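Before any comments, here is the structure.
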Amino acid sequence: MHETPALQVKAMSKTYRERRRPGVRAVDNVSFSVKQNEVVGLLGPNGAGKTTIIKCILGLMQPDSGEISVLGQDVQANYPRVLRNMSAVLEGSRNLYWRLTVWENILFFAGLNGVSPRENHDYFQYLIQRFSLEDQKDVQLRKLSQGMKQKAALICALARRTPVVFLDEPTLGLDVETSIELRRILKQLAQQENRTIVVSSHDMDVIQDICQRVIILSSGRIIVDDQVSHLMKLFDTRSYRIALDGSIPEGLEEALTSHFTSVNLAANETGVELTIDLPERDDIYLLMDMLRNTGAVIDHISHADIDLERVFLEVVRRERDNDESRQFGHSL
Ligand SMILES: Nc1ncnc2c1ncn2[C@@H]1O[C@H](COP(=O)(O)OP(=O)(O)OP(=O)(O)O)[C@@H](O)[C@H]1O
Ligand SMILES: [Mg+2]
């Protein structure tokens, strides 16, 4: 049997229109679906359309076209009932009541979902303790630091116990310790409470740590939608960093660039640093021969591990190159 997807977005587009100016096409024909219990990362440079997508799914704004359903329910047709299935922390955690205390906010937002305070008292306490907000429990939101407000917003969203959770930049303003704790909590939520989580972040460590899958956006379009493990394999070039003693040996640069495309050779105070991508397994022998033949003295060699940040930068770079060549093509 086919399980109902937690989230389904079909051909969604959104243009922000302003008087006397051409509109900004923030989301351009985006389609994706998220399985129940999946943890998906939304990535993309500033302005890529992440927040707009999340706001449209939550019904906070209307897309110009496209269909959105959450757990099989069309968002527009079932609004606002469909909100019972999703909670969100948006950028800047502005959706809390600043004159209520942390605890009152929790009761209020959980109450919206019919989550009873009596039955869930322990769960609320547990969340407060996980985010180390015990001392601020009875303090008004407006008196908290930015990071504490963010923690409170996260607690309020999780306290609603919705099956689908959206987190837009959840680690913004959190200290290192809390950011690591949040990752643990999110992993647990997916594993033990069977929640579906869609999270946007510019912190690749967070995404790499908690997401099985990432959707990378650029200029409102999806440019990659893939499993993190698969992307890592795809982009795992053999990349090496080699430190040489002395100055750049004569003929080395010519030799390297005649065979390899990704070469960076730079002299510094302590010697020379060479970073190079080796496409083939045997290239390491060729490289060693070139170094020996030009009299290079190797100080040390290290292998640069692939991580999501490098994958992301490479994907976005390729997309920009494509875009530029497309534009150039059009102008001919
Ligand atoms: N209220 C608005 N009015 C007009 N344009 C907007 C509005 N909100 C966003 N935009 C534009 O839509 C595009 C997408 O913005 P969005 O906030 O969705 O990006 P984002 O991926 O969340 O970026 P960031 O990483 O900076 O949070 C941008 O070009 C932005 O300038
Ligand atoms: Mg955003």
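Where a number appears in this text, it was derived from the coordinates with a stated rule and is not lab data. It should be emphasised that the depicted structure is a prediction, and the values quoted were computed from it without experimental measurement. Every residue, glycine as well, gets a Cβ built from its backbone with ideal geometry; the counts of neighbours run over all protein chains shown.
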Among what's in segment 14-30 and is away from ligand 2 (no atom under 16 Å from the Cβ) and free of Cβ contacts under 8 Å to residues at least 60 places away in the same chain, pick the residue that is surrounded by the most Cβ atoms within 10 Å (Cβ to Cβ).
THR15
How many of the residues in segment 245-268 are free of Cβ contacts under 8 Å to residues at least 40 places away in the same chain and either surrounded by 12 or more Cβ atoms within 10 Å (Cβ to Cβ) or under 37 Å from the mean Cα position of the chain (by Cα) (or both)?
15
Looking at THR4, is it among the β-branched types (Val, Ile, Thr) and loosely packed, with under 15 Cβ neighbours inside 10 Å?
yes
Within segment 183-201, restricting to residues that are farther than 14 Å from VAL40 by Cα and either among the polar types (S, T, N, Q) or in contact (Cβ under 8 Å) with a residue 40 or more places away in the chain (or both), the one that is farthest from ligand 2 (Cβ to nearest atom) is GLN192
Quick check: anything in segment 20-40 near ligand 1 (Cβ under 9 Å from one of its atoms), in contact with a Leu (Cβ under 8 Å, 6 or more places away or on another chain) and not in a helix (DSSP H, G or I)?
no
Residue count, segment 172-198, condition within 16 Å of ligand 1 (Cβ to nearest atom) and in contact with a strand residue (DSSP E or B) (Cβ under 9 Å, 6 or more places away or on another chain), comes to 1
Going through segment 31-50 in order, the residues found to be within 16 Å of ligand 2 (Cβ to nearest atom) and surrounded by fewer than 19 Cβ atoms within 10 Å (Cβ to Cβ) are PRO45, ASN46, GLY47
